[in-house]
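The values are calculated or read from the model by the stated rules, or taken from the named source; none is laboratory data. The structure displayed is predicted, hence computed values, not measured ones. For neighbour counting, all protein chains shown are included, and Cβ atoms are generated from backbone atoms with ideal geometry for every residue, glycine included.
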Amino acid sequence: MAMDIKSSLTELEKLNADLYGKDFLLTWEKSDKEIHAVLKIAEILKEMHAQNITTDMFKTGLAVSNFRDNSTRTRFSFSSACNLLGLAVQDLDEGKSQIAHGETVRETANMISFLTEAIGIRDDMFIGKGHTYMKEVAEALDDGFKQGVLNQRPPVVNLQCDLDHPTQSMSDLLFIKNHFGGFENLKGKKIAMTWAYSPSYGKPLSVPQGVITLMSRFGMEVELAYPEGYDLLPDTIEVAKKHAKKSGGSFKVSNSMESAFKNADIVYPKSWAPFKVMERRTALLEKNDHAGLKGLEQECLANNAKFKSWECDEAKMKLTKGGKAVYMHCLPADITDVSCKAGEVSASVFEKARIGTYKEAGYKPFVIAAMIAACSKKNPAKVIGELLKTNKKRVL
Amino acid sequence: MAMDIKSSLTELEKLNADLYGKDFLLTWEKSDKEIHAVLKIAEILKEMHAQNITTDMFKTGLAVSNFRDNSTRTRFSFSSACNLLGLAVQDLDEGKSQIAHGETVRETANMISFLTEAIGIRDDMFIGKGHTYMKEVAEALDDGFKQGVLNQRPPVVNLQCDLDHPTQSMSDLLFIKNHFGGFENLKGKKIAMTWAYSPSYGKPLSVPQGVITLMSRFGMEVELAYPEGYDLLPDTIEVAKKHAKKSGGSFKVSNSMESAFKNADIVYPKSWAPFKVMERRTALLEKNDHAGLKGLEQECLANNAKFKSWECDEAKMKLTKGGKAVYMHCLPADITDVSCKAGEVSASVFEKARIGTYKEAGYKPFVIAAMIAACSKKNPAKVIGELLKTNKKRVL
Amino acid sequence: MAMDIKSSLTELEKLNADLYGKDFLLTWEKSDKEIHAVLKIAEILKEMHAQNITTDMFKTGLAVSNFRDNSTRTRFSFSSACNLLGLAVQDLDEGKSQIAHGETVRETANMISFLTEAIGIRDDMFIGKGHTYMKEVAEALDDGFKQGVLNQRPPVVNLQCDLDHPTQSMSDLLFIKNHFGGFENLKGKKIAMTWAYSPSYGKPLSVPQGVITLMSRFGMEVELAYPEGYDLLPDTIEVAKKHAKKSGGSFKVSNSMESAFKNADIVYPKSWAPFKVMERRTALLEKNDHAGLKGLEQECLANNAKFKSWECDEAKMKLTKGGKAVYMHCLPADITDVSCKAGEVSASVFEKARIGTYKEAGYKPFVIAAMIAACSKKNPAKVIGELLKTNKKRVL
């Protein structure tokens, strides 16, 4: 069922969104129009790829990847996205200390950008740091561009920070939008964003925060569930509430996986560390307190272990709408008896959902490419129109 | 003496080989037609490069390199090959543990492949592991493609495993084919694939295994020689025997370098570790037995030292056909008094053959590119025909 | 104020410089014509980038980066330059021991170059080593090309060695040429290349050596100033003297920052290690004498500390021509109270000059690209002319 690219392009033009010269850091900073424009471009690019049409809107140009945390999947998504647009990726791989502060950030941001058209940053380890760093880079680029150091202002794309993970949540959104047959059909659908047990510790909060803040914009009934103490950043809770109210959906917090799963159309069970623990961890890291960090890890793993029952198993899936909610995960999942002894999801539940989660991830390269296109082109619809007109085969 | 590209293309079409949608893992899994098709494409691409014609059959697309063992030469060959076809290389660089098993391999193979057109893997350290891993990746890709996760099925190219080193052996083959003026002229030629002394230990078996299994298909007289105990994998010996019989050549194993060199047209003296030692090594590594590994290394080096006379020197070269056999090596060679005190080859023999070995290596990027082209194009001859018609200068 | 590309191209043609088939290792090996040709190409490429015209004179091809010392800025400059020309960068990242000597260099240089169009090397750590290594690579390439191993002879570009840092000094030169409105206006201008205090030790000498040898060719009054003992390589002093004499400028060495700053139009205060210390360091490193190295570092830092007054502060800036000399630095600068307690430059002086230093750095990608273009094209003006005629938009 091939998408009609031409009519999608017309819809994109009608949105009349303007992200040119901006960054893509947090979804809740963007208007509905802007979110829809990025999603539309992502879908168009995905379809053009499927139809073997080249989408190299850049003939030369660098894209900089700056991963301040390990990553395989996101690295490949970013590389794929940039390559799809015609950009070559150059990794910025400095020690954290070297690019941490003030003048160093200002200078480095300019030094890497003379011929750069996009910058992707992942910095999700420390509460209060990642988003701040991205803004610092963005400001340095603004300054460099304004002062004539740079011929162009490369957009900064958030590949995961302490607050949000927009490339993930927007891929998640496209996955369920297509599963249910359109944004309209998401209205009233219940999504359970729940904590789940994992034998590891310190997983970022950006995925659940990204999901509750984004899905609440689409009229969905969002239930966030976690064991007592595993709170998210309070600000993101406020955003979700506000969005739910505006969109005609709902937002609810509970401490029961069962409550959240009940009648859910979609479940998203995933481990994370409590916000307050992440704050303590940041403080200990800043003091280089290794003993303190080790102690905190032990304490948390012990606390986690109390909640081994927070596993997405067949019994809990039976509670969902018709027993067959869509299972989502950002991957890799901790699968009981597969990747660990006890984890976020049972092997049988995961196996049935596995291909779905792969497809969910498959939107990410196109979402990233769409963010870059939307933020670096005055009129993305016109640019895509030119590519369609040229209609160059991507693969001979 | 420029090759006639057009007539080569006609020959390629006549071969009517079909590698589309397949991988290139072991030469002995491929038919003669398929081997010849890859070799033909490699020669055509090499000639197009020499004639400054662009061969970018991909306009965008990633190629993934997955090196589970260090490599400089193969890395550059792969990068060069992919670049020649228009692909950008993204390295997959995970710890071995992370991509070792089951779901992790299945998932990673898909996660890295949404926009990927070729995957090159080197995994030659452990007997029984490398080829198995490549097949696991290939199966995951089959599944992902069938289930609609991937728009395309990127071929897996074996950049060296525990069994075979096809990109090396096929480059070797092109080198001698061109040296002797055609495949016909290889019939009856004697090639001595012999062990040689090296002060290091644990060199893979894939080169000698790749050479005896491939050269035996071309009617050559293959003599494999090694000191007692330095056996290759028994299966590869069986393949070589079968091939020799079918091709009208011969295959013989001896324990004498002199016997192998006698009247040889080609000599390929190269160190390797005994198959049984490699098996013990794999077992020790799996148990993380560092003391055992150290002991095994000492034992092997001591055993190696008994065979320092297995050096390719001027005296042994005199035994060859007219005293001037072609010397081959996959590089880097252990050269006596140059890279070590006593090694595989004397300085004077190597110096005379040096440029030849460089040229031998020079086929590799084109062989890799040919494997990718053959496995990812329904009709490679047609695609190359289009490139020839476009006739875009590669370098202005 | 857009440059007129066409008339620049005519000027380039008139220069009739011939760098084809050569390397770019030391500026003082090049004729004035050759220097001007590279600078002209750099300016043309910079303007074409600003005017959004694609400059991909290579459709495929690799560029090899070989960084034997850490680098972020130069790495990005090289990547940017190669991408601008259409080349893909592949990093050569071997341990130093592996590519240090004789046959290994000869072989590796060829193995990485089958499809390679440019090689950038940074090797600035050891006196007597870097330039020697680059020449060894260049000779191996000459040999490989002559013997038919390589279809092309990729130029070697010096990205910093023990003697010179041509991509830096030529970017510096373009910066001041444009600041003062042309090469003619540099005549008689005074430039103070001075040592400055830094809390670190062992900074290379190639920047001051590169600056004094290049600026002295343009009729400038070059004053080199450093505390007693912080001498540069004597040969480079001789070159600067010779150049000054020929160009009608002057070259003077003093031991006073104030003397150098007096009436200077341009100041370039920057730390370096004494030549003799660098020689001792090389000797200790070769012996793997860790205690000796530690001792040397302590000794040097103690000696450095005697010269904390060698800081470029407001008071010293007041000594310069009208109190407002152009401040230059290759970045990153050691800024007092910003990146260290006491450094090369005061925060207030740096802040005023900051954007200027960024622009100074902004020439580097284009200078590198120009060196590659000049050394790999028989007629760079003709090639650029073709690109102008094609007039392909670089960014849609």
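Would you tally the residues in the range A:270-290 being modelled with pLDDT of 95 or more and either surrounded by fewer than 16 Cβ atoms within 10 Å (Cβ to Cβ) or not small (G, A, S) (or both)?
The first filter runs over the range A:270-290 and keeps only residues modelled with pLDDT of 95 or more, leaving A:270-272.
Adding the requirement that they be either surrounded by fewer than 16 Cβ atoms within 10 Å (Cβ to Cβ) or not small (G, A, S) (or both) leaves A:270, A:272.
Within the range A:270-290, residues that are modelled with pLDDT of 95 or more and either surrounded by fewer than 16 Cβ atoms within 10 Å (Cβ to Cβ) or not small (G, A, S) (or both) number 2.
For C:L115, only one of the following conditions fails: (1) surrounded by fewer than 22 Cβ atoms within 10 Å (Cβ to Cβ); (2) touching a residue at least 40 places away in the same chain (Cβ under 8 Å). What is its number?
Only one criterion in (1) surrounded by fewer than 22 Cβ atoms within 10 Å (Cβ to Cβ); (2) touching a residue at least 40 places away in the same chain (Cβ under 8 Å) is unmet by C:L115, namely (1).
Give the residue that is nearest to the other protein chains (Cβ to nearest Cβ), with candidates limited to residues of the range C:376-396 that are outside any loop (DSSP other than H, G, I, E, B), surrounded by fewer than 24 Cβ atoms within 10 Å (Cβ to Cβ) and not aliphatic (A, V, I, L, M).
Going residue by residue through the range C:376-396, those that are outside any loop (DSSP other than H, G, I, E, B) are C:376, C:380-390, C:393, C:395.
The next check asks that each one be surrounded by fewer than 24 Cβ atoms within 10 Å (Cβ to Cβ); those that pass are C:381-383, C:385-390, C:393, C:395.
Applying the additional criterion that residues be not aliphatic (A, V, I, L, M) yields C:382, C:385-386, C:389-390, C:393.
Values: C:K382: 9, C:G385: 10, C:E386: 6, C:K389: 11, C:T390: 9, C:K393: 7 Å.
Here the answer is C:E386.
Would you please list the contacts, defined by Cβ atoms under 8 Å and residues six or more apart or on different chains, that run from a residue in the range C:127-152 that is aromatic (F, W, Y) to a residue that is part of a helix (DSSP H, G or I)?
Close Cβ pairs satisfying both conditions: C:Y133/C:V105.
If a residue has to be assigned to a loop (DSSP other than H, G, I, E, B), surrounded by 17 or more Cβ atoms within 10 Å (Cβ to Cβ) and out of contact with any strand residue (DSSP E or B) (no Cβ under 6 Å at 6 or more places or on another chain) to count, how many in the range A:186-201 make the cut?
Within the range A:186-201, residues that are assigned to a loop (DSSP other than H, G, I, E, B), surrounded by 17 or more Cβ atoms within 10 Å (Cβ to Cβ) and out of contact with any strand residue (DSSP E or B) (no Cβ under 6 Å at 6 or more places or on another chain) number 5.
When you check B:T167 against the structure, is it among the hydroxyl-bearing types (S, T, Y), under 26 Å from B:P365 (Cα atoms) and surrounded by 21 or more Cβ atoms within 10 Å (Cβ to Cβ), yes or no?
Numbers: among the hydroxyl-bearing types (S, T, Y): yes; under 26 Å from B:P365 (Cα atoms): yes; surrounded by 21 or more Cβ atoms within 10 Å (Cβ to Cβ): yes.
For B:T167, the condition - among the hydroxyl-bearing types (S, T, Y), under 26 Å from B:P365 (Cα atoms) and surrounded by 21 or more Cβ atoms within 10 Å (Cβ to Cβ) - is met.
Would you pick out the residues in the range C:257-274 that are touching a Ser or Thr at 6+ places or on another chain (Cβ under 9 Å) and either over 18 Å from C:L205 (Cβ atoms) or not in a loop (DSSP other than H, G, I, E, B) (or both)?
C:M257, C:A260, C:F261, C:K262, C:N263, C:A264, C:D265, C:I266, C:V267, C:Y268, C:P269
For residues that are within 14 Å of another protein chain (Cβ to nearest Cβ) and either modelled with pLDDT of 95 or more or assigned to a loop (DSSP other than H, G, I, E, B) (or both), tally how many sit in the range C:321-342. Break it down stepwise before answering.
We begin by selecting, within the range C:321-342, every residue within 14 Å of another protein chain (Cβ to nearest Cβ); these are C:329-340.
So of that shortlist, the ones also either modelled with pLDDT of 95 or more or assigned to a loop (DSSP other than H, G, I, E, B) (or both) come out as C:329-339.
Matching residues across the range C:321-342 total 11.
Based on this model, can you work out whether C:A369 counts as within 30 Å of C:N158 (Cα to Cα), of a type in the set (A, V, I, L, M) and outside any helix (DSSP H, G or I)?
Details: within 30 Å of C:N158 (Cα to Cα): yes; of a type in the set (A, V, I, L, M): yes; outside any helix (DSSP H, G or I): no.
No.
Within the range B:250-269, is even one residue over 11 Å from B:A192 (Cα atoms), of a type in the set (A, V, I, L, M, F, W, C) and modelled with pLDDT of 95 or more? Steps first, answer last, please.
Filtering the range B:250-269 down to residues over 11 Å from B:A192 (Cα atoms) leaves B:250, B:255.
Adding the requirement that they be of a type in the set (A, V, I, L, M, F, W, C) leaves none.
Checking the range B:250-269: not a single residue is over 11 Å from B:A192 (Cα atoms), of a type in the set (A, V, I, L, M, F, W, C) and modelled with pLDDT of 95 or more.
When the range A:118-131 is examined, which residues are found to be closer than 16 Å to A:L26 by Cα and surrounded by fewer than 24 Cβ atoms within 10 Å (Cβ to Cβ)?
Here is the first cut: in the range A:118-131, the ones closer than 16 Å to A:L26 by Cα are A:119-124, A:127-131.
Correct list: A:D123, A:I127, A:G128, A:K129, A:H131.
Note down all Cβ pairs under 9 Å where the first residue falls in the range B:39-52 and is within 14 Å of C:G61 (Cβ to Cβ), the second is of a type in the set (K, R), and they're at least six residues apart or on different chains.
Going by the 9 Å Cβ cut-off, the qualifying pairs are B:M48/B:R394; B:H49/B:R394; B:N52/B:K393; B:N52/B:R394.
Which residues, taken from the range B:142-193, are more than 30 Å from B:P227 (Cβ to Cβ), touching a Lys or Arg at 6+ places or on another chain (Cβ under 9 Å) and basic (K, R)?
B:K146, B:R153
(1) modelled with pLDDT of 95 or more; (2) assigned by TED's automatic domain parsing to the domain that holds B:N83; (3) within 12 Å of the chain's Cα centre (by Cα): which one isn't true of B:A118, the others all being true?
Of (1) modelled with pLDDT of 95 or more; (2) assigned by TED's automatic domain parsing to the domain that holds B:N83; (3) within 12 Å of the chain's Cα centre (by Cα), only one is false for B:A118: (3).
Look through A:K33, A:K22 and report the one residue that is without any contact (Cβ under 8 Å) to a residue 60 or more places away in the chain and surrounded by fewer than 23 Cβ atoms within 10 Å (Cβ to Cβ). Give the steps one after another, and end with the answer.
On the way: A:K22 fails: without any contact (Cβ under 8 Å) to a residue 60 or more places away in the chain.
Going through A:K33, A:K22 in turn, just one is without any contact (Cβ under 8 Å) to a residue 60 or more places away in the chain and surrounded by fewer than 23 Cβ atoms within 10 Å (Cβ to Cβ): A:K33.
Would you point out which residue out of A:G219, A:G210 is small (G, A, S), at positive phi and touching a Ser or Thr at 6+ places or on another chain (Cβ under 7 Å)? Can you show your working first?
On the way: A:G210 fails: at positive phi.
Answer to the check: A:G219.
Scan the range A:346-360 and tell me whether some residue there is within 20 Å of A:A42 (Cα to Cα), within 14 Å of another protein chain (Cβ to nearest Cβ) and touching a helix residue (DSSP H, G or I) at 6+ places or on another chain (Cβ under 6 Å). Quick ask: steps written out before the conclusion?
Here is the first cut: in the range A:346-360, the ones within 20 Å of A:A42 (Cα to Cα) are A:356-360.
Filter once more, so that each one left must be within 14 Å of another protein chain (Cβ to nearest Cβ): A:356-360.
If we keep only those that are touching a helix residue (DSSP H, G or I) at 6+ places or on another chain (Cβ under 6 Å) as well, we get A:358, A:360.
Among the residues of the range A:346-360, at least one is within 20 Å of A:A42 (Cα to Cα), within 14 Å of another protein chain (Cβ to nearest Cβ) and touching a helix residue (DSSP H, G or I) at 6+ places or on another chain (Cβ under 6 Å), which makes the answer yes.
Do we have C:M170 as in a helix (DSSP H, G or I), in contact (Cβ under 8 Å) with a residue 24 or more places away in the chain and not aromatic (F, W, Y) here? Lay out the reasoning, then the answer.
Numbers: in a helix (DSSP H, G or I): yes; in contact (Cβ under 8 Å) with a residue 24 or more places away in the chain: yes; not aromatic (F, W, Y): yes.
Judged against the criteria, C:M170 is a match.
Which of the residues spanning the range B:307-325 are on the phi < 0 side of the Ramachandran plot and surrounded by fewer than 21 Cβ atoms within 10 Å (Cβ to Cβ)? Spell out the reasoning first.
So the first thing to find is which residues in the range B:307-325 are on the phi < 0 side of the Ramachandran plot, and the list is B:307-321, B:324-325.
Correct list: B:F307, B:K308, B:S309, B:D313, B:E314, B:A315, B:K318, B:L319, B:K321, B:K324.
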